[in-house]
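Heads up: the structure comes next, in structure tokens.
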Amino acid sequence: MAVYRRSQRRTVLVLLVLTSITLVTLDLRGGSDGPIGFVRRTARDAFAPVESGADALFRPLGDFLDGISRSGSLKSENRALHKRIDDLEGQLARAGGLDRENEVLRKLLNLPFAGEIETLAAKVVSFAPGNFEWTATIDRGSRDGIEEDMPVVSGEGLVGRIIEVSDTRAKILLLTDPRMSVGIRLAGVSDETGVTTGLAGKDVLQVDLIDPDTPVDEEELVVTSGLQQARFPPGIPVGTVVSVSTRRGALQKDLRVRPLADLERIEFVEVLLWKNGSPVVDDATPSGDVAETSIPESKPAAADGADRP
Amino acid sequence: MNPVRRRVGAVTLLIVTLLAQSSFFPHFRFFGVMPDVLIVAVAAVAAREGAEVGATFGFTAGVLIDLFLEVPLGLSALSYAVVGYGVGTLHTGIMRSTWWIGPLLGGTASIAAGSLFVLVGIILGQDHLLSLRSFTVIPTRAIYDGVVALLVFPLTAQLLGPAEDELSPYEA
């Protein structure tokens with residue numbers, strides 16, 4: 001009898017393992033348009049009201065506990081911010097002239113991103129319920145015109161891109177996810193391009209493909225490069241350089257960038273209604289030559305203050 | 001034991017832990033890590049009900065959480081089912097009703113499930129799992145899960161009713 005029960009238990013386990021492998025295979029082969037993708041989207045839509053309610057309920061409590069655990073760093077952050085306010089007040093006086101200059105340069109460069117891409121505001125309703133991915137879900141979906149691969153920004157800068165869309169929800173792959181790569185340009189003197197990659201939830205990004213001889217300053221701004229067929233329009237602020245070093249004999253600089261957007265606490269974002277593959281200004285295109293673009297004219301993007309140097 | 005009560009209890013436990021995992025705990029990360037309350041529930045059910053029920057409960061819980069993750073559907077289901085089976089098999093030989101069994105089983109199940117998830121994920125081409133962070137997340141999460149088990153094991157006992165070895169001779 002005991003032998004029979006043991007055998008029955010093993011049969012159940014084998015069946016469950018085989019079912020799991022079948023599901024994995026179906027998902028990997030079918031992609032987001034397959035039957036598993038459909039089940040996922042339906043489940044997310046069905047779960048949406050609960051998700052929104054739970055977010056409204058638990059986010060304040062989470063923020064409170066987060067504030068307690070970060071109280072030490074908050075005090076020093078407060079001091080640094082006071083100093084920053086003083087600096088910014090000085091800069092503000094000069095900003096009027098720079099705004100005008102910026103506008104003129106933008107016209108000259110004819111950047112498709114700045115001030116022309118239609119955006120859609122959305123609320124972040126949940127973060128990934130696991131420890132091995134860095135995603136956030138927003139309360140907008142395909143009904144609102146969101147599609148896969150659209151860039152997402154906050155007031156500070158780039159947040160990520162849309163990787164999955166259901167009727168009422170969309171999922172953002174955040175900059176800190178290791179699967180997320182962004183073509184960037186150093187906005188200082190060098191104008192060098194590279195690629196950032198997330199470091200599995202760390203609050204900095206790794207930058208590759210920067211020549212070891214390139215002069216890079218700490219605090220230097222990094223923006224999306226927007227090279228041809230890029231996933232992001234050019235000029236969206238990504239972050240600032242926090243560490244630079246060059247190892248002897250290395251083929252590239254060791255560069256770390258801290259995202260401008262606070263990705264762990266984002267609450268509202270703007271989705272740029274701009275698709276990967278939309279015609280953008282090719283870097284090889286001489287300034288003045290206008291590439292055809294299907295970008296609709298509407299309210300300006302949140303990050304349109306950023307520009308190429 | 002009342003089989004209807006056990007089934008209703010198991011479904012209730014599944015819903016409560018799924019909600020907690022997807023909506024509550026993402027706001028309560030420590031050192032960037034959140035617990036895996038579902039694997040703790042799988043361990044708790046397997047410890048009370050044995051390998052067969054543990055594996056089935058683990059598989060169901062895994063499929064449901066996979067719907068909200070960006071990994072191939074079935075990856076968590078596979079790791080939870082195997083761990084549920086393992087805890088259920090282990091439990092039949094050594095289970096004692098002491099307070100530290102819950103945290104110990106919860107933490108151990110968390111390490112086993114996390115390791116299996118990462119290993120199978122890498123085999124399936126989920127290269128982002130192959131990072132140093134995976135090795136720091138798994139033990140940190142296990143400690144967190146051990147603490148969460150102090151709540152989940154008693155909750156499971158309440159919802160599923162007394163296990164066979166806890167019944168008085170009259171009830172049995």
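Distance between Cα centroids, region A:131-207 to region A:239-263: provide it in whole Å. So the two Cα centres are separated by 18 Å. Over every Cα atom in region B:24-105, the radius of gyration and the widest Cα-Cα span, Dmax, amount to 13.4, 38 Å. From its DSSP helices (H runs of at least four residues, each -39,500 (n - 2.57)), chain B gives a residue-normalised ellipticity at 222 nm of -23500 deg cm²/dmol. Over region A:130-240, the hull volume per residue, using the convex hull of the C-alpha atoms, is 106 Å³.
On the beta carbon distance between residue A:143 and residue A:32, with R0 = 30 Å, the FRET formula returns roughly 0.95.
Per-residue Karplus couplings for region A:167-177, computed as 6.51 cos²θ - 1.76 cosθ + 1.60 with θ equal to phi - 60°, are listed in order as 4, 10, 9, 9, 10, 9, 8, 6, 4, 7, 6 Hz, Gly and Pro entered as x.
Going by accessible surface with a 1.4 Å probe and the largest first, A:202, A:275 read A:202, A:275. Between residue B:12 and residue B:30, the contour length at 0.36 nm per residue exceeds the Cα-Cα span by 3.8 nm. Rounded to the nearest 20, the size of the Cβ-charge dipole of region A:25-67 about its Cα centre is 220 debye, with Lys and Arg at +1 and Asp and Glu at -1.
Accessible area per residue was computed with a 1.4 Å probe on protein heavy atoms; residue A:10 scores about 140 Å².
The simple spin-label model puts a point 7 Å past each Cα toward its Cβ; for residue A:8 and residue A:83 those points are separated by 7.1 nm.
For chain B, the membrane-span-like helices by this rule, meaning whole DSSP H stretches whose C-alpha atoms cover at least 20 Å of axis and whose Kyte-Doolittle mean is 0.5 or above, are B:3-19, B:51-66, B:75-94, B:101-123, B:132-160; this says nothing about an actual membrane.
Cα-Cα pairs above 15 Å in region A:141-202: how many percent? Roughly 58 percent, rounded to a whole number.
For the chain pair B and A, the buried solvent-accessible surface (1.4 Å probe, both sides summed) amounts to about 4100 Å². Pairwise alpha-carbon distances in region B:1-56 exceed 13 Å for 64% of all pairs.
Among all stretches of chain B without exposed chymotrypsin sites (Phe, Trp or Tyr not before Pro) (DSSP loop, at most 14 other Cβ atoms within 10 Å), which one is longest? For chymotrypsin sites (Phe, Trp or Tyr not before Pro) (loop position, at most 14 other Cβ atoms within 10 Å), the longest site-free span of chain B is B:101-169. Ligands, DNA and RNA excluded, the heavy atoms of residue A:236 present near 0 Å² of accessible surface to a 1.4 Å solvent probe.
Computed on chain B, with alpha-carbon pairs under 8 angstrom and 6+ residues apart, the relative contact order is 30 percent.
Note on chain B: dipole from Cβ charges, positive end direction compared against B:120, B:67, B:78; the farthest Cα belongs to B:67.
Among the protein heavy atoms, those of residue A:45 account for about 40 Å² of accessible surface (1.4 Å probe, every chain in place).
For chain B, the share of alpha carbon pairs falling in successive 10 Å distance bins from zero is 11, 41, 35, 11, 2, 0 percent.
The values are calculated or read from the model by the stated rules, or taken from the named source; none is laboratory data. In this text the structure is predicted, and so the values were computed from the model without any measurement. Every residue, glycine among them, receives a Cβ derived from its backbone with ideal geometry; neighbour counts consider all protein chains shown. SASA here: full protein model, heavy atoms, side chains in, ligands and nucleic acids out. Shrake-Rupley method; radii C 1.70, N 1.55, O 1.52, S 1.80 Å.
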